[in-house]
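The values are calculated or read from the model by the stated rules, or taken from the named source; none is laboratory data. Treat the numbers as computed from the prediction; the structure is a model and nothing was measured. Virtual Cβ from ideal backbone geometry, glycine too; neighbours counted across all protein chains shown. Ligands, DNA and RNA are stripped out before the accessible areas are found, and what is left, the full protein with its side chains, is counted by its heavy atoms. Shrake-Rupley method; radii C 1.70, N 1.55, O 1.52, S 1.80 Å.
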Amino acid sequence: MTKREVSRILARASKEEVAETASIVYERCRVQIMKQPQKTLVMVKARESIKKSLFYLGEVLASECMVLVDGVKGAGMIAGDDFEKAVAAAVIDGFLNLEGRQDEKKVILDRLLMLENRQAEKRAELNLAVQKSKVNFNVMGE
Amino acid sequence: MAYVAVTGGREAIEQSLKLLEIFRDSKTDISVSCIKDNMGLLIDKIMSEAGFYSREYAALALKQCEGSVEEAVFLLRAYRSTLPRNYYSLPVDTSKMRLIRRISAAFKDIPGGQILGPTYDYSHRLLDFSLMDGEENNRQQKKKEKVSEDTGRSVAKEGYDIRCGRVTDILKKEKVLAETEEDNTPPFDVTSDVLTFPAPRSARLQTFARSDAGFLGGVAYSSMRGYGAVHPTVSELRCGYVEVCIPYVLDESEEICIGDILVTEVEALVPSHTETEEEFDKMTLSGGYGLIFGRNENKAIAMSIADASLETEGNTPSQDEEFVLTHGDCLEMSGFISHLKLPHYVTFQSKLDRVRIQEDEQEEKND
């Protein structure tokens, strides 16, 4: 699973779900806060589709944190004001950055896959409702 | 005449602030989450005009200032200025947007289809009195019923994320619309640098994205009504979620996703202005672009018109770059108008003295 995939699942998960996943790491590793959680801005860059140039759309509020998990760095960055989630995400990231420990990592990765499926199911209900508003306009006289 | 400071009025100001609470006169408190969940379009408008994406804080700002849009924008901009900006995202890819709405006014049939999604466009504009008293439970019940109806279908099979290619891609393939290479010029940032004219395209688009929706609508409306040259066709309007990704801080060759944001995007097609038959024969198509935070379709369309209008030449307000880019910021606009309420005693006395002297001189002449 890539960093992008892991972080996407964590960003879409609830605070409780991320904390629960991080608790698996706390049971197994020594966790130290390296950089206290803080709020930050992320300037969103966009590429417009007409001339394909770049511009800044605006800023997103985010929470960031850095930890050491058994001496290995982990970084957490989550949109919104949620320090607990940012810390938990950093702990999970640090654990996945450790060398080896494949069996333990599998526990975390399986849980992330479960969360991803749950998120997809939740979105599927909404997607289906949206799809039902697909429209065919008919031109009069054709 | 320079500005002169005034002092005093501390107790009166304190009382004035207390009166704000007294005049709020609310018997039931409204929670931030209630505002966030029920006033989505208002939240979107505020985030867009503040240039600051946080649904929770936008709801908080609204609660604090009795629902005043300009005050809420002021609060968010002020708060945002206290935060460090430690990251810049990778360019968001709106072609991979997870769609909740997508329509085209240019083509009836588009690959992927037209999806109405949530819209008031086809609603009856009749007050729904069932919402007045205690009917909220019924509404929630109806919502639940609808979801359970949907789940009767095969959600797992049919409930896939909706993503579609762009309508303009078809026109580019046909070479009706010019294909362009990616331009990776670093964008201008109007929040950090002083805008000079002519402004780069990135400054224009950023300014429009944060503009007051009413102002931008007025600019676009004037252009369409004849004070300008742009009356476009909406090639595609899409609304949905895009991922915001940043380089991973511990290894910049990797990237992480910090979350999804809701945006509205518009591509508008503008035929070249023609007056003669020869010009008509050589008609070309160009485009205008709009992208904003949240769901605010009219603002996104207006942005695309304002963008296209600045590409045309003429003497109308919508074609005047400096006029359009310097008068649409909600905070600057309301702040400048609002300052007129503050004491101008010295400047006004000076003007009054000038008028009185002229009056006296006139009287002396008459005598």
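Rundown of residues vs (1) under 22 Å from the mean Cα position of the chain (by Cα); (2) of a type in the set (Ser, Thr, Tyr); (3) more than 23 Å from residue B:169 (Cβ to Cβ), yes/no style:
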residue	(1), (2), (3)
B:184	no, no, no
B:191	yes, yes, yes
B:198	no, no, yes
B:214	yes, no, yes
B:223	yes, yes, yes
B:241	yes, yes, no
B:252	no, no, yes
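Looking only at region B:250-274, how many residues end up being under 20 Å from residue A:18 (Cβ atoms) and either touching a residue at least 12 places away in the same chain (Cβ under 8 Å) or open to solvent by less than 40 Å² (accessible area, probe 1.4 Å) (or both)?
7
Please list, ordered by first then second residue, the pairs with beta carbon atoms under 9 Å, 6 or more apart or interchain, first in region A:52-76 and on the phi > 0 side of the Ramachandran plot and in contact (Cβ under 8 Å) with a residue 60 or more places away in the chain, second open to solvent by 10 Å² or more (accessible area, probe 1.4 Å) and in a loop (DSSP other than H, G, I, E, B).
Here the result reads none, with nothing in region A:52-76 linked to a residue that is open to solvent by 10 Å² or more (accessible area, probe 1.4 Å) and in a loop (DSSP other than H, G, I, E, B).
Does region B:111-130 contain any residue that is surrounded by 15 or more Cβ atoms within 10 Å (Cβ to Cβ) and of a type in the set (Asp, Glu)?
no
Yes/no matrix, rows are residues, columns are (1) among the hydroxyl-bearing types (Ser, Thr, Tyr); (2) more than 11 Å from chain B (Cβ to nearest Cβ); (3) open to solvent by 70 Å² or more (accessible area, probe 1.4 Å):
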residue: A:90; (1), (2), (3): no, no, no
residue: A:94; (1), (2), (3): no, no, no
residue: A:99; (1), (2), (3): no, yes, yes
residue: A:111; (1), (2), (3): no, yes, no
residue: A:117; (1), (2), (3): no, no, yes
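Would you check if there is a residue in region B:87-99 being over 20 Å from residue A:58 (Cβ atoms) and either modelled with pLDDT under 95 or of a type in the set (A, V, I, L, M, F, W, C) (or both)?
yes
Of the residues A:35, A:15, which is within 14 Å of the chain's Cα centre (by Cα) and open to solvent by 50 Å² or more (accessible area, probe 1.4 Å)?
Selected residue: A:15, the only one of A:35, A:15 that is within 14 Å of the chain's Cα centre (by Cα) and open to solvent by 50 Å² or more (accessible area, probe 1.4 Å).
Here is a list: B:61, B:106. Which entry is buried (at least 16 other Cβ atoms within 10 Å of the Cβ) and not in a loop (DSSP other than H, G, I, E, B)?
Residue meeting the stated conditions: B:61.
Hey, among A:31, A:6, A:69, A:44, which residue is modelled with pLDDT of 95 or more and more than 13 Å from chain B (Cβ to nearest Cβ)?
A:31
Name every residue in region A:122-142 that is part of a helix (DSSP H, G or I) and more than 7 Å from chain B (Cβ to nearest Cβ), in order of residue number.
Scanning region A:122-142 gives A:122, A:126.
Rundown of residues vs (1) within 19 Å of residue B:207 (Cα to Cα); (2) free of Cβ contacts under 8 Å to residues at least 24 places away in the same chain, yes/no style:
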{"site": "B:25", "(1), (2)": "no, yes"}
{"site": "B:32", "(1), (2)": "no, no"}
{"site": "B:36", "(1), (2)": "no, yes"}
{"site": "B:48", "(1), (2)": "yes, no"}
{"site": "B:51", "(1), (2)": "yes, no"}
{"site": "B:59", "(1), (2)": "no, no"}
{"site": "B:67", "(1), (2)": "no, no"}
{"site": "B:72", "(1), (2)": "yes, no"}
{"site": "B:83", "(1), (2)": "no, yes"}
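If you check B:202, B:272, which single one turns out to be more than 15 Å from the chain's Cα centre (by Cα) and either more than 14 Å from chain A (Cβ to nearest Cβ) or more than 19 Å from residue A:58 (Cβ to Cβ) (or both)?
Exactly one residue qualifies, and that residue is B:272.
So how many residues does region B:215-246 have that are within 10 Å of chain A (Cβ to nearest Cβ) and open to solvent by 30 Å² or more (accessible area, probe 1.4 Å)?
Total meeting the criteria: 2.
Within 27 Å of the chain's Cα centre (by Cα) and under 16 Å from residue B:301 (Cβ atoms): is that true of residue B:104 in this structure?
So residue B:104 passes the test.
Kindly indicate whether residue A:54 is open to solvent by less than 60 Å² (accessible area, probe 1.4 Å) and within 30 Å of residue B:204 (Cα to Cα).
Yes: the conditions hold for residue A:54.
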